[in-house]
Every structure is written in structure tokens, then in C-alpha cells.
Amino acid sequence: MKSNHFLIRLFYLLMSTFLIGRIIFMLYNIAFCDYSAWDVVRAWWNGLTQDIVVTSAALALPALLSLFPIVHLRRWLAPYYFVMSAAVVVLITADTVMYEYWHFKLNAVILSYAAYPEGASSSVSPYYLISRIGCAVAGTLALTALSLRLTPGHTANRERVKGPSGRHAIDWQTPAIVVFAFILMASTVNAGTAYWNQRLFLNHSAANPVFAFFSSFHTRPYHDRYISMNEEECRNTFNGLYDVKGANTDTLLCNTRPNVMVVLLESFGSPFVKSLGGAPVDARLEELIPEGIYWENYYSSSFRTDRAVVSTFSGWISYPDLGLMTHPEIHDSLPSLARSLKNAGYCAKYLYHGPMTNMGSGDFARDMGFKTYTQHEFPDVPLDCSWGAHDRVSAIEAATLMASPSETPKFIVWQTISSHEPWDVPEKRFDDPVQNAFAYTDAALGDLVDSLKRSDVWNDLLLIVIPDHGYLYGQSYEDEGYFHAPMLWLGGAVKAPRRMDVLINQSDIAATLLAQMEIPHAEFKWSRNVLSEGYTHPFVYSTFPAGFLYRDATGTTIYDTGAELPITQHDAGKAIHYGPHAITSKDGHRRLQRGRAILQTSYDKLWKTLHR
């Protein structure tokens, strides 16, 4: 097998590359999990099958070419080695770096964000980008050079072996082994085969980043994705979950036509809300809670603005691998809270003191019926934040616009900016830069409320304060508290301060609010009026790029769609079970089935919406 010794050497080279990459991944992200040297070995061992599959696939072309008498084989393979090396090293680097921010294994979702590079450039420093890109380039060149060095530079003829007849025979054994290993293992491997530990980080460390990335691509149309049960079973499981009808069981407002203002606090999830068990950075928010209606069991719909904001203003469900904000072809088919209020006589305005170009947010807001107010409408406001104007500066403009006597009644949205990477705010309240940025946004919220209280608009105002989504601060997606978030209704339009313990999703705001305002909301198929007499099975459903959360009165289930495994099972009042071998009770199985039915149905309904 002399002629194909270079394939064996290449095999060891790539397997070593994945081992080194796995070690770098674990060292770079060590803050997210305490682990031992034995955990590193276990991660390597459990990811070995995926490493072999990827390595075999990468060597398929060299193996095929080695069967033929090609002159200058090294020269023929040089372009392929460069592309292969770039794919391997770039994916390992991106997986390592992005995990710090996203806490899930790199998948095809990254491509939708790569189309909007201003998001990355605003979140990190130029040095950060240059250093990481430089490492990827250096690694690509090094792997390419080593691959070329291990490949024979002479013709394949000179290295062929002799058969029994004395003639030169082609050595086919090694290429055949490579192909066989790929076919055999690829047929039995999915993302979950590397999962082995109750800690999600160690499972992600074991998973091969190249395998995870390419296996996450969906070539099938929406209605054929995530099929986990037959159509009849899915329909029977899904029926009744979102079909909520009936009269209100409670009245929260003094009148049905107040001015409405929604404040989207950037990333302000439970880790920064004291009353939800988080860090005490929300002093002003905590002061305001006794003055309004505080929804203690409110859950964000998704993990990023391009998903969660769609749920807020269209009442639509979120998707693991799809952000509807970046798909303008579907915007006209979505219901719209702004359009419903405009039909009732409201003017709708959306304030964001920066460029609304990232992820197509400006196009989405305008398609929903908002008149957008960005940095161009406020030329005198200093843009001293990476994303635009700092929150305490823009809060003044938001309050002024809300209090203006023209164009009433009003529906105004103010989206904050400062509590986002790179956490560069002009005041210091906490040593931790993340906590400090959220404390600054909390102070900006207080400024807004103080200003509105001094104006006449407060007496007839419903102010809804919610985060656009959460932020993973000392958490991972296996933690059920990640999607838990604050929602507070304030203002003179609120009938009386109180606390609400009903389970409510971000997508439910539209139907619940419109029902309180006695405005029709039947077109909001995914939005439920949680104060309706028909809301007999309260639950929340939230998604992230690798799975979903389903929570109801029986407990919480978090499911990994790539691994096709539950990663958290928590029955109410009992111990939380983590990992791919988590104990599943009868209630846990029911939650899992309902979550799968919602996931499967959501893509089917999206397909029908696009083709109706």
C-alpha cells in the first residue's frame, strides 16, 4: 500500500487538526464550564466518529485521484487543499470565537448574519476582528502547506505496485477504505452522536464543527423540515394549543384607546433583573414594578433581534434556523400590530437612534406599517455609541416625540442600544462592563419614565417595557431561565398595579393587547390572548438556532433539533435532568411531543403562508 501512504499521513494530519481545534475551543471558552483533563479526553473520544466522517469526506478526492496515473499529483491537488484547509480552519475558528457570544455549535444560521457584517463590526473592536481573521488565515496556510508536503510530487505511475503477472497494478485498497469508512459512518452519525455529558458545553466541545455546520443545512422546503411524526399525529397533538378564543376574563386598562408606547430594552433578560433572580443592575426597573402590571412569567420568543422583534410586532412564532426579519418576501403576509392599530386611528412610529440597516430591521419596521425615526431624523443627537446614540441621550428624544400633542392617538416604539457588545457606555456604576452597560440602560428607562410623568401624556398612556430578547450571561440554552424576561405595563392607562402569574410568550403580546383595546385580532394565528376564557392550556414556546424550549404547568423541556435529543427535562417541583440521557417522565414526554408538533406545524404553516 505504498502508493497511498500519503492518504494515511493526510488522515493523521486532519485528525490531529480536529484534536488541536477541540483543545483550543475548550481553552478559549473555559469560562463557561469547569472541566478536567479527563473531560478533554472524553470529548475527543466521543467526537471521534464525527472526526473520521469529516476526514474521510475530505480525503475522498485525493483518494480518487490516486487511482489514476496523474503527473504532478501535488500540483493538481494544491487548489483543493487550499479550499479544504480554509473550510476546516475557518469553521474551527468561527466556532471557537462565536461560541463566546452564542453558546451553540456553529451552524448554517451564521450565514444569515454574515450577510450583515455591520453587526459584527459594531459589536467588537477592529483588533478583535483582525486578530481572529489573522489566526484563520495563518492556520489555513499552514494546513495547506502540510497537506502539500505529505503528498507525492511525482507521477502516480512511479509509485504503483506490481501484481502477480508482473504488470503494474493499481493499489485500490486505501482509497476503498476511505470511501467505505465515510459511507458506513455517515449513514449512522448525526449531531447527537457526540453528546455524552449532562453539561452542554462538553457536548458541544465533542461535536466536530465542520460536521455540525454542514449537517445543519436544509435543502428541503419548509413544510418538509423537522418531521418527527406523521401528519395525523402531529395535527392531533397540535390542535387546541393556539386556537384560543373567548371573552376577556380580566380588564387591565382604564380605557380602550390609550396612547401606547413599547420600550424594547436591548437584551434585558432575567440575568439582569433582580426580581427574576439576576444581578441587581435594574434599580429603576425594580422601583417601577410596584407601580404597574408586572408579568412574572413572561418569556421571550427567540435569542436575537431579527427573530424576537418579529414575534413582538407580528405575533408570529419564531423559528430555530430562520429569521423572518431578513425575508422581505413574507412581510406582507404577516399580521401587524402597527397596521391593526393604524386601522383604529393610531399613528405608528419606530425610534432607533442608529442606522436601521442591520438584519433588514428598517425594512421590516416599514413593512409592518411604522414610520421609522433613525439617526437621520435626529441630526443633532451625538452618535457616540458603536451602534448609534447612547440610551440616556435618545431617551430624551423618545419622550419628546411621545409627549408631542400632534398626531394622536400614538403607537410609538423605542428600541434601546447601549446594553449590547462592546458595552461602551459613558457612565460607570459597576466594575463588570456587561453589568455596567445594563445598569446604564436601566437608568435611561428611568429617565424616559420621569420625563413622561412630567407631561400630560402620562395620564392616558400605556407604557409596555420588555426586552427584545435575552443575553447569555452565566447561562446556556440548557438553562430554562434564559428566555425568562421582565414585562411591565405602566402609565395612567393602567387600571391598577398588580402581578400577573399567567404564562405568556412574546408572540402573545399582540393578541393580548388588542383584546384589551377591544380591537379584532383574529388574523394573529400564532398570538394568544392569555386573558381569554379560552386560554385553557397555558404554555410558552421559544426557539434558538439549535432547538426549542417548551414550558407549561408540568415543567420545562428543552430540545436540541440537531442532536434530536432533549437536553433539559424538568418536571415542576422535581430535580432538573440535563444531558442526552436525561430521564423523561410521562409529563416530559408529553411536553416533548407538543414542542415537536409546534415545530413541525410552524414550518408547514410558513410554507402555506408563502404559497397561498
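Which pairs do you get when a residue that is of a type in the set (Gly, Ala, Ser), found in the range 370-387, comes within reach of a residue that is open to solvent by less than 50 Å² (accessible area, probe 1.4 Å) and in a helix (DSSP H, G or I), reach meaning Cβ atoms under 9 angstrom, with the pair 6+ apart or on two chains?
Final answer for the pair search is SER386/SER122; SER386/SER123.
Out of all the residues in the range 379-396, which are open to solvent by 40 Å² or more (accessible area, probe 1.4 Å) and at pLDDT below 90?
PRO379, ASP380, PRO382, LEU383, ASP384, SER386, listed by residue number.
Give the residues of the range 411-427 that are surrounded by fewer than 21 Cβ atoms within 10 Å (Cβ to Cβ) and either closer than 12 Å to VAL281 by Cα or touching a Phe, Trp or Tyr at 6+ places or on another chain (Cβ under 6 Å) (or both), sorted by residue number.
GLU427
Identify, please: which residue in the range 337-378 is more than 24 Å from the chain's Cα centre (by Cα) and among the basic types (Lys, Arg) and is, among those, surrounded by the most Cβ atoms within 10 Å (Cβ to Cβ)?
Only one residue tops the list, namely LYS349.
Does the range 564-580 contain any residue that is within 19 Å of the chain's Cα centre (by Cα), open to solvent by 10 Å² or more (accessible area, probe 1.4 Å) and within 21 Å of TYR242 (Cβ to Cβ)?
Taking every residue of the range 564-580 in turn, none turns out to be within 19 Å of the chain's Cα centre (by Cα), open to solvent by 10 Å² or more (accessible area, probe 1.4 Å) and within 21 Å of TYR242 (Cβ to Cβ).
Would the range 402-410 turn up any residue that is open to solvent by 20 Å² or more (accessible area, probe 1.4 Å) and not in a loop (DSSP other than H, G, I, E, B)? Spell out how you get there, then give the answer.
From the range 402-410, those open to solvent by 20 Å² or more (accessible area, probe 1.4 Å) are 403-409; that's our starting set.
Those still in the list that are not in a loop (DSSP other than H, G, I, E, B) too: 403.
The answer is yes, given that some residue of the range 402-410 is open to solvent by 20 Å² or more (accessible area, probe 1.4 Å) and not in a loop (DSSP other than H, G, I, E, B).
Could we say that MET229 is within 30 Å of PHE411 (Cβ to Cβ) and of a type outside the set (Val, Ile, Thr) here?
no
Please state which of the following conditions ARG594 fails to meet, knowing it meets all the rest: (1) over 26 Å from LEU341 (Cα atoms); (2) open to solvent by less than 20 Å² (accessible area, probe 1.4 Å); (3) in contact with a Leu (Cβ under 9 Å, 6 or more places away or on another chain).
Only one criterion in (1) over 26 Å from LEU341 (Cα atoms); (2) open to solvent by less than 20 Å² (accessible area, probe 1.4 Å); (3) in contact with a Leu (Cβ under 9 Å, 6 or more places away or on another chain) is unmet by ARG594, namely (2).
(1) under 23 Å from the mean Cα position of the chain (by Cα); (2) farther than 15 Å from MET487 by Cα: which one isn't true of VAL262, the others all being true?
(2)
Checking the conditions here, which among LEU146, LEU129 is among the aliphatic types (A, V, I, L, M), under 30 Å from HIS72 (Cβ atoms) and either at pLDDT below 90 or crowded, with 16+ Cβ neighbours inside 10 Å (or both)?
LEU146
Please state which one of GLU478, GLU523 is modelled with pLDDT under 95 and open to solvent by 30 Å² or more (accessible area, probe 1.4 Å).
GLU523
I want to confirm something. Restricting to the range 569-595 and keeping residues that are in contact with a Phe, Trp or Tyr (Cβ under 7 Å, 6 or more places away or on another chain) and modelled with pLDDT of 90 or more, which single residue is farthest from THR557 (Cα to Cα)?
Filtering the range 569-595 for residues that are in contact with a Phe, Trp or Tyr (Cβ under 7 Å, 6 or more places away or on another chain) and modelled with pLDDT of 90 or more, the one farthest from THR557 (Cα to Cα) comes out as ARG594.
Please state which of the following conditions HIS469 fails to meet, knowing it meets all the rest: (1) modelled with pLDDT of 95 or more; (2) open to solvent by less than 20 Å² (accessible area, probe 1.4 Å).
HIS469 satisfies all of (1) modelled with pLDDT of 95 or more; (2) open to solvent by less than 20 Å² (accessible area, probe 1.4 Å) except (1).
Go through the range 201-216 and give me each residue that's assigned to a helix (DSSP H, G or I) and either modelled with pLDDT under 85 or of a type in the set (Val, Ile, Thr) (or both).
Hits for the range 201-216 are VAL210, SER215.
Check off (1) modelled with pLDDT under 90; (2) farther than 19 Å from ARG528 by Cβ for ALA247 and give me the number that stays unchecked.
Exception for ALA247: condition (2).
Enumerate the helices (runs of 4 or more DSSP H) found wholly within the range 1-82, keeping only those where 3 or more residues are among the aliphatic types (A, V, I, L, M) and open to solvent by 80 Å² or more (accessible area, probe 1.4 Å). If you could, list the steps in order and put the result at the bottom.
Details: elements: 5-28, 37-46, 48-58, 60-65.
In the range 1-82, the matching helices (runs of 4 or more DSSP H) lie at 5-28.
Does the range 384-397 include one or more residues that are of a type in the set (S, T, N, Q), in a loop (DSSP other than H, G, I, E, B) and out of contact with any strand residue (DSSP E or B) (no Cβ under 8 Å at 6 or more places or on another chain)? Working first, answer last.
Initially, the range 384-397 is screened for residues of a type in the set (S, T, N, Q), giving 386, 394.
Retained after the next criterion (residues that are in a loop (DSSP other than H, G, I, E, B)): 386.
Restricting the remaining residues to those that are out of contact with any strand residue (DSSP E or B) (no Cβ under 8 Å at 6 or more places or on another chain) gives 386.
Yes - at least one qualifying residue is present in the range 384-397.
Name the residue, out of ARG42, ARG74, ARG22, that is charged (D, E, K, R) and more than 19 Å from THR140 (Cβ to Cβ). Walk me through it before giving the result.
Numbers: ARG74 fails: more than 19 Å from THR140 (Cβ to Cβ); ARG22 fails: more than 19 Å from THR140 (Cβ to Cβ).
Within the list ARG42, ARG74, ARG22, the selection yields ARG42.
Go through the range 428-466 residue by residue and tally those that are hydrophobic (A, V, I, L, M, F, W, C), open to solvent by less than 10 Å² (accessible area, probe 1.4 Å) and within 28 Å of the chain's Cα centre (by Cα).
10
Identify the single condition in (1) more than 21 Å from LEU146 (Cβ to Cβ); (2) at pLDDT below 85; (3) of a type in the set (D, E, K, R) that ARG42 does not satisfy, given that it satisfies every other one.
In the conditions (1) more than 21 Å from LEU146 (Cβ to Cβ); (2) at pLDDT below 85; (3) of a type in the set (D, E, K, R), ARG42 misses (2) alone.
The values are calculated or read from the model by the stated rules, or taken from the named source; none is laboratory data. Keep in mind the model is a prediction, meaning the values are calculated, not measured. Note: ideal-geometry Cβ built from the backbone for every residue, glycine included; neighbour counts use all protein chains shown. In case anyone asks, the SASA skips ligands and DNA or RNA and just uses the protein heavy atoms, side chains included. Shrake-Rupley method; radii C 1.70, N 1.55, O 1.52, S 1.80 Å.
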